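Throughout, read-outs are computed from the coordinates displayed, never taken from laboratory work. Given the structure is predicted, the values throughout are model-derived calculations rather than measurements. Glycine also receives a Cβ, built like all others from the backbone with ideal geometry; neighbour counts cover every protein chain displayed.
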């Protein structure tokens, strides 16, 4: 295990955290969409609130996937082929979602089709990402060649499902908070109510996840409690929940910031709970895919580090720019959907 | 059917479908830039309306490109896990770089184009069209780097690991700028831009034929034919450059492209049929021309199909026919783009209805040309997924397609997902046709006809 290997473990984590933060809120909002948007105008506000950013948000996933492929090819290969049907389901959902914005906007007769595409395309990934993460924490059966030996139903275990629901609720919390920043009137009232409900639900699910982690995956619990990094992410999670519940005092933007800390904390805890493994083997820890046996060559990791050093500041600049340009409430009659 | 065949079918179907929309978005991206430039210079509302129509068409097409592009990014891991383990040390980096350098750029500034007209300055908006197009051109570069490495790999060694052999990078620049990267990049983007030009001309021709939105139609035809003519002429150079890269690095592909059986000078065929059973090729051909183009001499001998083991040869007929169809299509594109451009320059195109009708449908040909060209490139690379590099052609430095699939994914699962892909992609195609034809029928909408008040800066939080 080398320094560069650890650096890339962290960087892949950062990209996935970025994905959970940024695409998290728009997946969550897509899940809430049929429940919060009561009429065409509401729908337009919800869609327009994420319209300029959802595509960029999804790029975090593509970049994270690319980085995983480049830095830990064996992990990318094992997870993507092992979780075949589950990932294909996510993929089909994301395909529908990606076209649903433009197709909805320009095809009045087929609006119901693209409405459903937007909802299911958001809700399914929002649930399944947590299920996937839960399976990684728990570990999956691997053979000596690092190949997954389970099947689709291996992935549907109670622990992974709890983490799936935890992720889904977190994304909905982020989404409701985002909508509270962007909307006005009755839609705004519903967003605030949902935000509060989801924040409570998130607290309950965090407690449940903590209990099941101690009971079912003691390795994860002990790794988190073993060092300062785990404690720091636990503290971040507490800050997120406390700030989200009590301190924001009607400042909508702050409620979104608070909710946005949750995915950072959870992805951090997730990484600490498996480190230095990337895919723990549930049958025999010696078969786990870890930094030492899965990382690319030193040259590749170095080249990638240079690419990241140039690319990441650019990305942060774009994000700063686009969120500044489109700050504030959505006003219908502007450009867009 | 076995898993290898199904995995190949799935990749071929999803990537060919994806690539129907790549030319439409990268090619139309340049059209968007040029139309927005007109508005930026003139400030006229009708120029704004024209540019906005293009942006809408672009966005609907881009969306389906994004959607079907995610499939490709997943596919290496889901269906080609052994390949991913073999090449990850090299192949993953361009995919990650594509995300960082291209996708973020494209998506951010596309957001500005779709929602930012009233929120940013005219100059910022105009620059955004350039950045979206630049992002898409960069995305093509990283993908061509990755794909070219499969064709003409360089800058690596093969090492044995506990989970099988893997290619390990020894020189980044040699790997990224491998022998076919530049020729293939230029050849590819060239074809995309030709398509964009013909799409612009097609919509223009449709309006002129119908007698509606005639100003828009004239501009679209001018811009479209100019792009198509310029890049068709440039294609002579980039196509040649690409062909030389094949000749130098992929002898089996070259032999299959020309149905060249015995070692000797290679002709250029116009049309023909490869009689694979009797190992001969019946064709109308000009002797020695391929040799001449590649080496400067009509007499330079190149190895023929008989010089290789059958297990190292690609499907010959498909490679031959797709290649020759591509060349014939190119001839038609060159003729129509330059002829159309001259006719338009003389101001006669509106009085030549057959030309307008031809232009309405002509855009299908560059699309078809790109499809068959890619088929030549990818089918001709078989049976290798990573072609052993020249001049040694050491099989241990390459990887066979049959050895590259995901071992843990059973055939029935690939068949299931392939069927779902066919259904979903068919639905998307119908949806896309409805949206784009709806946009074209509606035509450019003047800003005065919609509520389009600029939002004051104070609205920002």
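Quick one: Debye curve from the alpha-carbon atoms of the range A:125-284 only, equal weights, vacuum; give me log10 I(q)/I(0) at q = 0.08, 0.09, 0.19 Å⁻¹ to two decimals.
Ignoring solvent entirely, the Cα scatterers give -0.26, -0.32, -1.12.
May I ask for the angle, rounded to the nearest 10°, between helix A:158-182 and the longest principal axis of chain A, with both axes built from Cα atoms and the value confined to 0 to 90°?
40
For the residue pair residue A:215 and residue B:1, what label-to-label distance in nm results when each label sits 7 Å from Cα along the Cα-to-beta-carbon direction?
4.6
Counting pairs of alpha carbon atoms under 8 Å apart in space and at least six apart in sequence, what relative contact order in percent does chain B give?
Dividing the mean separation by the residue count of chain B yields 21 percent.
For the Cα atoms of chain A, what angle does the longest principal axis make with the long axis of helix A:73-82, in degrees from 0 to 90, nearest 10?
So the inclination is approximately 70 degrees.
Working out 0.36 nm times the residue gap between residue A:156 and residue A:222, then minus their Cα-Cα distance, what length gain in nm do you get to one decimal? Before the final figure, lay out the partial values.
Working: separation 66, 0.36 × 66 = 23.76 nm, distance 2.40 nm.
Roughly 21.4 nm would be gained on extension.
Return, ordered by residue number, the residues of the range B:158-192 whose backbone nitrogen is under 19 Å from a label point located 7 Å along Cα→Cβ of residue A:283.
B:162-164
If r is the Cβ-Cβ distance from residue B:298 to residue B:400 and R0 is 25 Å, what FRET efficiency results, to the nearest 0.05? Each step should come with its number before you reach the end.
Values: r = 35 Å, r/R0 = 1.40.
Computed FRET efficiency for residue B:298 and residue B:400 comes out at 0.10.
At residue B:236 and residue B:289, where each label point lies 7 Å from the Cα along Cα→Cβ, what is the point-to-point distance in nanometres?
It works out to 1.3 nm between the two label points.
For residue B:434 and residue B:351, FRET efficiency with R0 = 41 Å and r from the beta-carbon atoms, rounded to 0.05? Let's see the in-between values first.
Values: r = 33 Å, r/R0 = 0.81.
My answer for the efficiency is 0.80.
Compute the helix-to-body angle for B:81-97: its Cα long axis versus the longest principal axis of chain B, expressed 0 to 90° and rounded to tens.
40
For the pair residue B:311 and residue B:263, what calculated FRET efficiency results from E = 1/(1 + (r/R0)^6), where r is the Cβ-Cβ distance and R0 = 30 Å, to the nearest 0.05? Don't skip to the end; give the middle numbers.
Details: r = 19 Å, r/R0 = 0.64.
According to the calculation, E is roughly 0.95.
Taking 0.36 nm per intervening residue step and subtracting the Cα-Cα distance, what contour gain separates residue A:143 from residue A:254 on full extension? Please list the in-between numbers first.
Details: separation 111, 0.36 × 111 = 39.96 nm, distance 4.69 nm.
Working it through step by step, the gained length comes to 35.3 nm.
Give me the distance in nm between label points sitting 7 Å out from Cα along the Cα-to-Cβ direction at residue B:13 and residue A:40, one decimal.
3.7
Quote the relative contact order of chain A in percent (integer), defining contacts as alpha-carbon pairs under 8 Å separated by 6+ residues. Show your work: numbers first, answer last.
Numbers: 483 pairs, mean separation 89.2, N = 337.
It comes to 26 percent, rounded to a whole number.
Starting from the Cα of residue A:245, move 7 Å in the Cα-to-Cβ direction to define the label point; list residues of the range A:176-219 whose amide nitrogen is under 18 Å from there.
A:177, A:193-212
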